[in-house]
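Report on one structure; see the data block that follows.
What follows is calculated from the coordinates using simple rules that are stated; it is not laboratory data. From a predicted model like this one, the values you see are computed outputs, not experimental measurements. A quick note on method: Cβ atoms are made from the backbone with ideal geometry, for glycine too, and the neighbour counts reach across all protein chains shown.
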Amino acid sequence: MKLRSHLLLLTIIVLLPMVGFGIGVALLAVDREQESFERGATERARALITAVDAELAGHVRLLRALANSLYLDSGDLERFQVVAARLLATQADWRDITLGLPSGQIVLSATHPLDAALAPIGDRASFDLTVNEQKPVIGNLQKTGDGYAFTVRVPVPASGAPRYVLTARIDPRAVLSLLTPQRLPQDWVGVVLDARDHIVARTQSHAETVGQPASDSLRAALLQSQEGWFHGATLEQADVYTPYSRSRSSGWTVAMGIPAQVIESGAATTLSLLTVAIVAAITSALLLAGLLSRRISAPIASLATTARALGRGSVQVPDTNSIDEVREVSQALLDAGKAVAEREDALRAADQAKDEFLAMLGHELRNPLGALASAVQVLQMVGSKEQASDKATAILARQIQHMTRLVDDLLDASRATTGKINLSKTLINLTEVIGNTVASLRASGVLDAHEVILETSPAWIHGDEARIEQIVSNLLGNAAKFTPAGGRITVRVFTRGDEAMIEVADSGVGMPPDLVPRVFDLFVQGESTIDRNLGGLGIGLTLVKRLTELHRGRVSVSSDGSGRGATFSVVLPAAHPPGDRTEPLTDATAARRSRRVLLIEDNDDVRQTLSAALGICGHRVVEASDGGSGIAAAARSHPEVAIVDIGLPGLDGYEVARRLRSMPGGETLLLIALTGYGQLETRAKAVEAGFDEFFTKPVSPERLANAIDSATRDGVATRRATTAVEHPDADGPTVGRRGSTPQRR
């Protein structure tokens, strides 16, 4: 393509966002206009149904007043009929007032003599509902001998049960009179439906449509929600948008059919004007771009010639042209090319020298560190009676450990940069490796000031176990360094598809956006104070990246900004786990004392395997698959230990624990919780419910057996009063005991 074509294409590309923005604004305006119309129409429908409910409530009040007549209490139906006839004469839309027994027999009509034979009940469903519910009921539209009518019924109570049912039969025009004052546009349709979705009143063709079912689209919408807006059709198949609202008290509905062209005409006009404007703008822009391209094509061509010459390393001054700026840019390109070449040579030499220096420095520092470490071990073995000497020895040990770590990082950075790291890959379980790493860092005191949470699931890879430990150790050390005391560090291990995931998230100082893309570069660190209290050389994260890449993986970091913590994610190719292996029993297992154990677990496989393993350990196990049967089993077997799954069907594990505690002997029962959730809230609820121990799944039978043996040997009550809450370790268990204060390992 020629330059002119590129310029025209560039013009189109520049215009496209503007065109898209214009279309977006127009569509947004149309949507806002339609939303405003929809909101107003829905509010109008809501107001109409409120008016209908008020009208129906007025009829109910009149009937209730009539139901309080003393003549009904005295049984003087003749005089009551006179009162009912007088009330009927005052209500233009009431056709009759009747009095019926709960059995359904009509005993009185305001329009017939007392001894006249009366027609049976027309809407028996609403009559029975009034008797059963003992409350006013609005009946559905019914066709009678004198046309369509609907009923309003109220109970006449006597000694707590209905004595009579008082009914007013009302003409639908009473409801139509509510729609007429609304003055809906001539082409709009207003409609009121009864609880069966039959038409009670309609502003168009009322006489022809009263009693008919509503349109298919309206009935379908009412099945979905009690109130809303939809695009459908009227009984005459006119295309309309309809707001509707159903009353919660009467079950009646008000809807309005608004012609679709009323809603869509504004959008069509707006989009037509927008189309004309877009076409005009694009045409004008292309014409101007064509004119300007002729003036700049030649100078740009000369710059291209200069750039190609610069790429070949030759010095070539472009031909003289009419644009001075082009000549200046060409000369500047030549000068910059020479400077860049010189600096590249210097940087390459400096980089090589740096790598050699780091390798040499690491090796040279190893010798004095080795001597210092040996001397400290001698001092520790010899011992001293002086407290100051012991303190100095401890300080020396800690500082030598710190210096050794820095030297190791320097050596590994040098090896990684020069490509001298070789991996010894085996099939390893990430959960086990990371658990061991966390335990080691806890033992060294690195994590003493922080809350560390492990959320692990089985994940296997082919990798170098020592290097994976180094990756996790560096990430945890980085998190501890930049997280204030008391903060939280969460380590997650899981699989996603064919990838194994390691995430280390902290609640620390986070990092600004400009640091995120550079955080894995060598010697790059977050902002530190002048006293260097955070320490470090900025090597750890570089090693994480290089070691991860050697495992054919990738590492990334995310942070919401300063003060919002950071999350490091390591993604490694997953491997298939080895076949199931059964660990042999140890001598310690055989020496355990047999206990009565109640195991409540709804997963059959988990329950059976745990029961079998605990049985091999010498314990007598009673199984239950739910909370109810577990409580019953406890009453029969009087267990010393109860292992309860939290997520049980019916009664959950928390309620089961409370009930077991309340049973005779429950205060000495060892309660162990099993759960697939390791959050702090779950552990807190377990402690509150009365559990002594808390393990997250999967948990090995050996760990359960050890917990049973340790707790029952030391005494459950003593352990409950003196032990503390611990966080997940390598196998994923979490131990929580009642009456304790949180501590960290």
- Item | Residues whose placed amide H lies under 5 Å from that of ILE453, excluding near-sequence neighbours | ILE489, THR490, VAL491
- For the stretch 118-194 and the stretch 3-64, write down the distance between their C-alpha centroids in whole Å. 37 Å
- Task: Arrange the peptides 87-98, 69-80 so that the one whose residues have, on average, the most other Cβ atoms within 10 Å appears first.
- Result: 87-98, 69-80
- Cα centroid separation, the stretch 441-455 to the stretch 633-650 (Å): 33 Å
- Return the FRET efficiency for the residue pair GLU133, GLU499: r is the Cβ-Cβ distance, R0 is 56 Å, and the value is rounded to the nearest 0.05. 0.40
- Query: To the nearest 0.05, how large is the calculated FRET efficiency for GLU688 and GLU451 if R₀ is 22 Å and r is the Cβ-Cβ distance?
  - Reply: 0.70
- Task: With +1 on each Lys and Arg Cβ and -1 on each Asp and Glu Cβ, and nothing else charged, work out how big the dipole of the stretch 13-114 is about its Cα centre, in Debye to the nearest 20.
- Result: 140 debye
- Item | Paired Rg and Dmax values of the stretch 36-277, which use every Cα atom, in angstrom | 21.2, 84
- For the stretch 421-573, rounded, prolate or oblate, judged on the Cα gyration tensor with a ≥ b ≥ c (square roots of eigenvalues), a/c < 1.5 rounded, else prolate if a/b > b/c? prolate
- Query: Using a Förster distance of 30 Å, how high is the FRET efficiency between GLU33 and SER177, based on the Cβ-Cβ distance and rounded to 0.05?
  - Reply: 0.35
- Note on the structure: Taking a label point 7 Å from the Cα of GLU227 along Cα-to-Cβ, the residues of the stretch 240-257 whose backbone nitrogen sits under 18 Å from it are 242-257
- D (Stokes-Einstein, µm²/s), Kirkwood Cα radius, the stretch 1-147, 1.306 mPa s at 10 °C: 75 µm²/s
- Which ordering of ARG595, ARG518 is given by a fewest-first count of other beta-carbon atoms within 10 Å? ARG518, ARG595
